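Have a look at the structure below before the remarks.
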Amino acid sequence: MREPICRATADGSWSFTGTLVNSSDKNKVFTVAIAVTAGPAVAGHTIITKTVAAGKSAEIAAPNFAKTKDSAGTCTPVVSVEDAP
């Protein structure tokens, strides 16, 4: 994934954007799991699944998927990739 950005507004609303890049010669299915934690608690999470054609890229976004009391917290995206059926 290229240019993943996960940020919160001052009121604690979290959004994520990024670009999936398939540099292979086969179509790929990307699964992106994104979680926001505030201390030991999970404040919110989302999963994005997207098929990206061979040699192409795709923008992804998850607006307002988590909420914390302010902009404090940790956002962690995890990406998995497999061949498209």
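A short reminder: the numbers here are calculations on the coordinates, not readings from a lab. Quick caveat: nothing in here was measured; it's all calculated off a predicted structure. Here Cβ is always computed from backbone atoms with ideal geometry, including for glycine, and neighbour counts include all displayed protein chains.
A cut-off of 5 Å between modelled amide H atoms, ignoring neighbours fewer than 5 places along the same chain, links S71 with G12.
The modelled label-to-label distance between V42 and M1, using points 7 Å beyond Cα along the C-beta direction, is 1.5 nm. The mean sequence distance of close C-alpha pairs (under 8 Å, at least 6 residues apart), as a share of the length of the chain, puts its relative contact order at 40 percent. Under Stokes-Einstein, with the Kirkwood radius over Cα pairs as Rh, the value for the chain at 10 °C and 1.306 mPa s is 119 µm²/s.
The slack between T17 and E82, meaning 0.36 nm per residue of separation minus the straight C-alpha distance, is 21.3 nm. With a cut-off of 12 Å, note down the residues of the stretch 37-66 whose backbone N falls inside the zone around a label point 7 Å from the Cα of T31 toward its beta carbon. Those under the cut-off are 47-50.
Per-residue 3J(HN,Hα) values for the stretch 38-44, derived from phi via the Karplus relation 6.51 cos²θ - 1.76 cosθ + 1.60 with θ = phi - 60°, read 10, x, x, 8, 7, 8, x Hz in sequence order (x marks Gly and Pro).
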